[in-house]
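The values are calculated or read from the model by the stated rules, or taken from the named source; none is laboratory data. Just so we're clear, the structure is a prediction, and the values are computed from it rather than from any experiment. Heads up, the Cβs are rebuilt from the backbone with ideal geometry, glycines too, and the neighbour counts pull from every protein chain shown.
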Amino acid sequence: MYAEERQDRVVDLLERTGRVAVMDLARDFAVTTETVRRDLAQLESRGVLRRVHGGAVRASRSTRVEESLDARSTRNTDAKARIADAAMALLPATFQGSVAVDAGTTTGLVAERIAAWTPDVAGRTLVVVTHSMVVAQTVSRNPAVEVQLLGGRLRGITSAAVGPATLGQLSRLRPDIAFIGANGIHAGFGLSTPDEEEAAVKTALTRGSRRAVALVDASKAGEEALVGFAALDDLDTLVTDAPPDGPLADALARAEVEVMVA
């Protein structure tokens with residue numbers, strides 16, 4: 001296979017999954033890892049991708065780009081599933097308390113797992129607070145879950161409530177754990193998302209919970225969306241699918257954020 005053919009395949013993979021790994025590409029293309037790294041370096045020089053530890057991710061997109069849940073649900077599916085599985089380790093059968101679940105695709109996978117959650121003692125319930133209609137409908141299938149659905153203005157693109165009414169309700173709650181999604185995580189800019197009203201809800205979830213847990217796949221490492229909603233030191237835990245590296249890893253260590261790699 002010629003270099004141009006390999007690089008075209010890499011671009012196709014990035015469009016579908018958002019991330020590629022050097023070892024996987026070397027195996028699939030039957031070439032050395034050095035050859036793959038040269039291909040990635042050439043693609044990076046053209047602005048197609050950004051190299052990260054062990055592979056590459058898609059180049060940064062516009063900070064205002066916001067895709068629908070359906071569109072995002074087809075990307076990085078394996079990574080998001082692993083993150084959701086790892087997040088559920090924080091909700092064992094013995095867990096007694098409340099959990100807030102943000103709107104999003106990875107948090108939606110957490111909701112699917114909560115729908116199958118079983119307490120160790122019959123009759124015990126798990127309280128789930130959410131502003132997402134999708135999350136609420138999913139977890140409500142579990143009779144062991146009590147759902148508190150927050151009201152407000154409904155954003156169609158995320159199927160989630162936002163605005164003053166939503167924030168007012170959140171201000172009176174203090175969930176034990178909050179699972180929060182993000183469109184980007186950056187050493188200096190922290191966590192970010194494209195929409196200001198969604199960002200305000202994410203800020204309230206992060207700062208109002210006893211334990212703030214960000215669920216962010218590795219394709220978003222180093223990315224900055226338009227609106228920052230939390231500094232790294234606002235987080236307690238980051239659950240991701242690959243070890244952060246470079247400035248982000250250093251910043252997370254300085255902020256004393258627990259990093260769980262799924």
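Here is a list: Leu149, Leu173, Leu167. Which entry is surrounded by fewer than 20 Cβ atoms within 10 Å (Cβ to Cβ) and more than 28 Å from Val257 (Cβ to Cβ)? Just one listed residue meets the conditions, Leu149. Within the range 120-175, being among the hydroxyl-bearing types (Ser, Thr, Tyr) and either outside the structural domain of Leu109 (by TED's automatic domain parsing) or more than 15 Å from Val110 (Cα to Cα) (or both) holds for Thr125, Thr158, Ser159, Thr166, Ser171.
Scanning the range 215-262 for residues that are within 25 Å of Ala56 (Cβ to Cβ) and of a type in the set (S, T, N, Q) turns up Ser219, Thr240.
In the range 24-60, the qualifying residues are those that are of a type in the set (A, V, I, L, M) and under 18 Å from Tyr2 (Cα atoms), and the one that is surrounded by the most Cβ atoms within 10 Å (Cβ to Cβ) is Val36.
Report, by residue number, each residue of the range 84-113 that is closer than 26 Å to Glu197 by Cα and assigned to a helix (DSSP H, G or I). Correct list: Ala84, Ala87, Thr105, Thr106, Thr107, Gly108, Leu109, Val110, Ala111, Glu112. Among the residues of the range 213-232, those that are modelled with pLDDT of 95 or more and over 12 Å from His186 (Cα atoms) comprise Val213, Ala214, Leu215. It is to be established whether one or more residues within the range 250-257 are crowded, with 22+ Cβ neighbours inside 10 Å, in the same structural domain as Val135 (by TED's automatic domain parsing) and touching a residue at least 40 places away in the same chain (Cβ under 8 Å). There is no residue in the range 250-257 that is crowded, with 22+ Cβ neighbours inside 10 Å, in the same structural domain as Val135 (by TED's automatic domain parsing) and touching a residue at least 40 places away in the same chain (Cβ under 8 Å).
If I ask for residues that are assigned to a loop (DSSP other than H, G, I, E, B) and surrounded by fewer than 17 Cβ atoms within 10 Å (Cβ to Cβ), which ones from the range 74-83 would you list?
In the first step, residues of the range 74-83 are kept if they are assigned to a loop (DSSP other than H, G, I, E, B); the result is 74-76.
Of everything in the range 74-83, just one residue is assigned to a loop (DSSP other than H, G, I, E, B) and surrounded by fewer than 17 Cβ atoms within 10 Å (Cβ to Cβ), namely Thr74.
Of all positions in the range 193-209, at least one carries a residue that is in contact with a Ser or Thr (Cβ under 9 Å, 6 or more places away or on another chain), buried (at least 20 other Cβ atoms within 10 Å of the Cβ) and free of Cβ contacts under 8 Å to residues at least 40 places away in the same chain.
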